[in-house]
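Presented below is the structure to which this report refers.
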Amino acid sequence: MPARAAAGLAPGLRPTPALGATRMGRYNQWVNGQRGHRELEHPSDLVLQFWAPSERELLVEAARALVEVLTGAAVVAPEREREIVLESLDSGDRLVRWLNEVLLLATVDGFVLCDADIELRPGGLSARVRGQAGAHDLVRTELKSVTYHDLQLGPRAGRFVGRVTVDV
């Protein structure tokens, strides 16, 4: 059972709040379709799928998806900024390391991210992230780690699409 279903929360697509998207259809599709995320069914882990117009925007959307699960979709205030610099082997490794950093910031430091400006570079990324500090109380779901299992990332149908599995 997915983590959100176990917590009594309905799985499905989630829009980026600023886009003002509207639900429609059997699979909770979002009208604008430019960016978004959803949970996929998995017997024991959490699987997140996300999409955006570019890889940079996909990384932001992936972080929002992870934070939404972590916090039960709580409102996160952009009170503070932090700098993140990550090294990676390739784009898939960059995605996993980025999401694990977002997870670490929330669960260990109590810094829950709500937005990011990301600069991609060969071998990593630099990001200025905004979020709420001292927000341990916003974390409601225990997630262990974002894994490389069944990792997917790349362009598809004019946008970037990614998929990760999270150990719960």
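Values computed for the structure shown
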item: Selected residue (only one of 69, 76 is in contact with an Asp or Glu (Cβ under 8 Å, 6 or more places away or on another chain), of a type in the set (Val, Ile, Thr) and modelled with pLDDT of 95 or more); result: 69
item: Members of the range 61-92 found to be touching a residue at least 60 places away in the same chain (Cβ under 8 Å) and either part of a strand (DSSP E or B) or in contact with a Ser or Thr (Cβ under 6 Å, 6 or more places away or on another chain) (or both), listed by number; result: 69, 70
item: Qualifying residue in the range 66-73 (condition: touching a Phe, Trp or Tyr at 6+ places or on another chain (Cβ under 9 Å) and under 21 Å from residue 36 (Cβ atoms)); result: no
item: Residue list for the range 42-96, filter: loosely packed, with under 15 Cβ neighbours inside 10 Å and under 17 Å from residue 120 (Cβ atoms); result: 53, 54, 83, 85, 87, 89, 90
item: Residues (β-branched (Val, Ile, Thr), touching a residue at least 24 places away in the same chain (Cβ under 8 Å) and surrounded by fewer than 19 Cβ atoms within 10 Å (Cβ to Cβ)) located in the range 97-138; result: 107
item: Strands (runs of 3 or more DSSP E) contained entirely in the range 93-158, each with at least 2 residues that are polar (S, T, N, Q); result: 124-132, 145-156
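The values are calculated or read from the model by the stated rules, or taken from the named source; none is laboratory data. Everything numeric in this text was worked out from a predicted model, so none of it was measured. Note that we place each Cβ from the backbone using ideal geometry, even for glycine, and neighbour counts take in every protein chain shown.
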